[in-house]
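The values are calculated or read from the model by the stated rules, or taken from the named source; none is laboratory data. Keep in mind that what you see is a predicted model, and the values were worked out from it rather than measured. All Cβ positions, even for glycine, are placed from backbone atoms using ideal geometry, and neighbour counts span all protein chains on display.
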Amino acid sequence: MLSGAGAGLGSIAGDYRGGNGGSTYLAQIEITVLPPSIKLGVNRSGGGGGSAGTANNGNNALGLTGGGAVTGGGAGGNGGEKQLSVSSVLTLDLLIGPNVKGSPGGFPGGGGGGGVGNGLVSGLLSSANSSNGGNGGNGQIKVTYTCPTYSVSSLTADASCAQTSTVTLHSTPIGLPIGTYTVTYNRSSPSATALTATMVVETAGTGTIQVAGLPSVGLSTITITELKSVDCISVVNASIVFDRAVKPTVGTTTHPSCAEPKGTVVLSNLVIGGTIHQTGVSSASYPITENPQTITGLDSGNYNFVISNGVCSSQTVSDVTAVSINNPPPTITWNGAWDGVPTLENKVIFAQSYNDDSQNLDENVNIEACLCEVNSGAHVTFKTGRYLKIRNELIVDPDGSLTFENDASLVQMSDDSENLGNIIYKRHTKPVKRYDFTYWWDKH
């Protein structure tokens, strides 16, 4: 009787090891001389062990059958098997025909089953007829990756606050590493949830998205709720409020005059606490403290006014309010002749003498002006019955003179005017006695 068995033990320590291979054996061979008889059996090789995969260990082979696959691992291949036979001359062939190959192991990493073929051929031990074991299954590399925790510390937005606006997400380089993200956000008005936008972070810590559908006027809150990059997802909570101001309305506009060289404009439809932004001839910003509010100190020219409120402003073309401030009336000058017609809206300057020669009068008329100046070296005389009527102040240079003949008058319309220099008033009175007096008044 001939029989045999052997088993692969595999690793017996540690985790993530392959399963043990199955035993190999020669089963039930008996030869009896008297009376002659032969009992035949089977020559079997053991199956391959299964690979460990993501389990602690692979499964062992069970005899000819390879070890079964575990999660993430491959099954072992089955062992080879060969039936024994006897030749016509009663010579025992343990293996007839070589290369009974074991089955290959399964992916990933399952062991190949053992082969059979080495044995007695025609009574002789032969190695030429050995069979190959099965190929082991292809292995794999397991990489464990831990997702980072994304974060957002604050949000900012561009000042234009158009209906599609750029929102910047601020974080740390660790909280917002370089990469491509899907950003999920909610919008309060018009109400919408689970909106998404793509964000490409090129500088760690900062990224931008475009948010769409903001209202043209009024409040809307954008809340970032989730950041996702590939398979890594973090829940976040960061908000920004868009409060879009409306176009300011122009009220009374006062243009410069000779009395007031600066213009003013009254703006309404304002939000107290916001800011008025002025551009044009000059630029300035004014906190909104009342509604309506007057903007003063404007030179002649064109201006644009917009309103900001929170992160938004009305600094888009449709929200600009344009205002034009007219030039003040021109100054009219006497240089031996007038270069225009003096009116109550004009500043009048006497650059040369006027009616100084009583024999050759330049004019004998009344003159009206917004304000009047007499320059150095100019001597100005208003003849009897004529007047100089001005809205505001009168300035006479110390080296010039202004004379009003008998019954000529100076009429000033503003009680608050501050004059500078001296004037000469000539008046005739009837003879008076002691303690008599004459009272002059101006009917103008």
| query | Given the conditions (1) modelled with pLDDT under 90; (2) at negative phi; (3) not polar (S, T, N, Q), and given that G310 satisfies all but one, which numbered condition is not satisfied? | reply | (2)
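Residue by residue, here is whether (1) surrounded by fewer than 12 Cβ atoms within 10 Å (Cβ to Cβ); (2) at pLDDT 95 or above holds:
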residue	(1), (2)
H170	no, yes
S189	no, no
V200	yes, yes
T203	yes, yes
P215	no, no
K228	no, yes
V241	no, no
K247	no, no
| task | Scan segment 188-202 and give yes if some residue there is hydroxyl-bearing (S, T, Y), over 26 Å from D243 (Cβ atoms) and touching a strand residue (DSSP E or B) at 6+ places or on another chain (Cβ under 6 Å), otherwise no. | result | no
| task | Starting from residues that are within 17 Å of Q278 (Cβ to Cβ) and of a type outside the set (S, T, Y), keep the ones in segment 256-265 and report whichever is nearest to the chain's Cα centre (by Cα). | result | V265
| Given N392, N375, which one is surrounded by 17 or more Cβ atoms within 10 Å (Cβ to Cβ), touching a residue at least 60 places away in the same chain (Cβ under 8 Å) and either out of contact with any helix residue (DSSP H, G or I) (no Cβ under 7 Å at 6 or more places or on another chain) or not hydroxyl-bearing (S, T, Y) (or both)? | N392
